[in-house]
Amino acid sequence: MQNYLIKNISIVNEGRTFNSDLLIRNGIIEKISNGISGISAMEEIDGEGLHLLPGCIDDQVHFREPGLTHKGNIYTESRAAVAGGITSFMEMPNTLPPAFTQELLEDKYAIAAQNSLANYSFYMGTSNSNLEDVFKTNEKKNDVCGIKIFMGSSTGNLLVDNFLTLDRLFAGSELLIATHCEDENIIRRNLEKYKLENRKPGAADHPLIRNEEACFESSLTAIRFAKKHGSRLHIFHLSTEKEMQLFSNFLPLREKRITAEVCVHHLHFSADDYARLGNLIKCNPAIKQPDNRDALWKALLDDRLDLIATDHAPHTLAEKGYFRNGSGLLEKLPGEAGDYLHAHAGLPLVQHALPLMLHYVSQGKISLEKVVEKMSHAVAECFQIRGRGFIREGYFADLVMVDFHSASHIHEGNILYKCGWSPLEGMRFPASIINTFVNGHRVYGNAQFDESQKGKRLSFDR
């Protein structure tokens, strides 16, 4: 394995930025100090003018394997992730078949061991009828990131809407419980109004159908179950101002039993963008009115929201109701194929989440240290990930080198998602990802990949 000495680089870690050298040996950060020298059999990298960040950890992705690999797979999407500075991911159970048994869960780990360029973990899926298999995951609490409950509609039978089942899940799981919170009855009632009035909803109606009430009531229900049983609850992709009253910053993250996440698209887009992007930004929970986005930013900066993720969820352009015209621009498909009700919900984001947040650093919206906290440190603390998420001696060398002197932009030719599109196409970023190291291996450097080593299964200190 190649060892590296990174010289004279600005390290961003644990709330401060400082200039130092860093030595990587056998995949581990061996030394952080000024003036490291006299090291043989080492590739030296000049870090002058660059920043070194801990690799981002994305706690919520859909990489679509097995069963939905026409949209993406563990290889293609992990490749996009490392190019964007994400060195570890935790993936959702709503594949085909869903990860409802221990055997199916381990099948996904086996695929990742062969194909993932990033480190990986997978959530155990829950349904109204697989509690016995879910509780077997308690025996693997050091090897599995958590269990996932869809408390809003999803594919197949992943919706858990039986309150007796929910009560048993919250009472019996010894792992972190991660929830998608939207109230299915409220969503159906809102959609029924359009049918009764013989109105055909469009993309701009998405946040009216999957509205603030649906999110708040479901999040409140999850929190009540968690408080009743003392469960470790993590709520995914918060999207409303009203939900922010459910979370606090009174305790440090490591002491919280209930934690909250925000996704980059809810920080970036608002309902105003449906006019321009339509179904391309259709996702669940919905992107909502600008006041909700403003409230999310406020809660992120004051630590009511604990971490930033992507909810990366690729679909083909046709599934979103679009195609590329002869000029490479995205256009809506004619007729029913382009309708809101036919369009799949979800956005591809792992390649561009960190660059997008660096854009907001350059805008003065958030500090670079805070981005690192919310995309690396906090994720590691929230899930108790062993040896990752920080630039510390003895930790795995999951690292990202960023150049703020080299702008980048998104276009069709440099999108790495298998689905081949991005809702951010045409956007320019103020920085570039220069190198990404996973377990000390430079998997991505100067727009080239070295796929000779694969990522590792994440471990957890529980």
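The figures follow:
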item	result
Unmet criterion (only one of (1) of a type outside the set (A, V, I, L, M); (2) within 25 Å of LEU330 (Cα to Cα); (3) in contact with a Phe, Trp or Tyr (Cβ under 8 Å, 6 or more places away or on another chain)) for SER422	(3)
Check on LYS418, among the charged types (D, E, K, R) and either surrounded by fewer than 17 Cβ atoms within 10 Å (Cβ to Cβ) or under 19 Å from VAL264 (Cβ atoms) (or both)	no
Residue count, the stretch 90-118 (criterion: surrounded by 24 or more Cβ atoms within 10 Å (Cβ to Cβ) and in contact with a helix residue (DSSP H, G or I) (Cβ under 6 Å, 6 or more places away or on another chain))	5
Considering residues of the stretch 84-122 that are touching an Asp or Glu at 6+ places or on another chain (Cβ under 7 Å) and without any contact (Cβ under 8 Å) to a residue 40 or more places away in the chain only, the residue nearest to VAL160 (Cα to Cα)	PHE100
Residue list for the stretch 314-330, restricted to those being closer than 13 Å to SER422 by Cα and buried (at least 24 other Cβ atoms within 10 Å of the Cβ)	PRO314, HIS315, LYS320
Answer from PHE63, PHE18 - the residue that is on the phi < 0 side of the Ramachandran plot and free of Cβ contacts under 8 Å to residues at least 12 places away in the same chain	PHE18
Only listed residue being of a type outside the set (A, V, I, L, M) and closer than 23 Å to LEU164 by Cβ, chosen from LYS195, LYS256, LYS228	LYS228
Residue in the stretch 176-190 that is within 23 Å of the chain's Cα centre (by Cα) and polar (S, T, N, Q) present	yes
Candidates ALA226, ALA222, ALA214, ALA203, filtered to the one that is of a type in the set (Gly, Ala, Ser), surrounded by 22 or more Cβ atoms within 10 Å (Cβ to Cβ), in contact (Cβ under 8 Å) with a residue 24 or more places away in the chain and over 18 Å from ARG293 (Cβ atoms)	ALA222
Residue under evaluation GLY440, criteria (1) closer than 19 Å to ASN13 by Cβ; (2) buried (at least 21 other Cβ atoms within 10 Å of the Cβ); (3) within 17 Å of the chain's Cα centre (by Cα), criterion not met	(3)
Enumeration of residues in the stretch 331-387 that are among the polar types (S, T, N, Q), surrounded by 18 or more Cβ atoms within 10 Å (Cβ to Cβ) and either over 19 Å from LEU53 (Cα atoms) or in contact with a Pro (Cβ under 7 Å, 6 or more places away or on another chain) (or both)	SER376
Those strands (runs of 3 or more DSSP E) lying entirely in the stretch 1-66 with at least 2 residues more than 25 Å from ASN119 (Cα to Cα)	4-13, 16-25
The stretch 126-175, subset acidic (Asp, Glu) and either surrounded by fewer than 19 Cβ atoms within 10 Å (Cβ to Cβ) or within 24 Å of SER88 (Cβ to Cβ) (or both), residue nearest to the chain's Cα centre (by Cα)	ASP143
Qualifying positions in the stretch 57-72 - surrounded by 20 or more Cβ atoms within 10 Å (Cβ to Cβ) and either touching a helix residue (DSSP H, G or I) at 6+ places or on another chain (Cβ under 8 Å) or among the charged types (D, E, K, R) (or both)	ILE57, ASP58, ASP59, VAL61, PHE63, ARG64, GLU65, LYS71
GLU369 vs. criteria in contact (Cβ under 8 Å) with a residue 60 or more places away in the chain and more than 23 Å from CYS283 (Cα to Cα)	yes
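No value in this document is a laboratory result; all are computed from the given coordinates. Quick caveat: nothing in here was measured; it's all calculated off a predicted structure. Quick reminder, even Gly has a Cβ in these numbers, built from the backbone with ideal geometry, and neighbours come from all protein chains shown.
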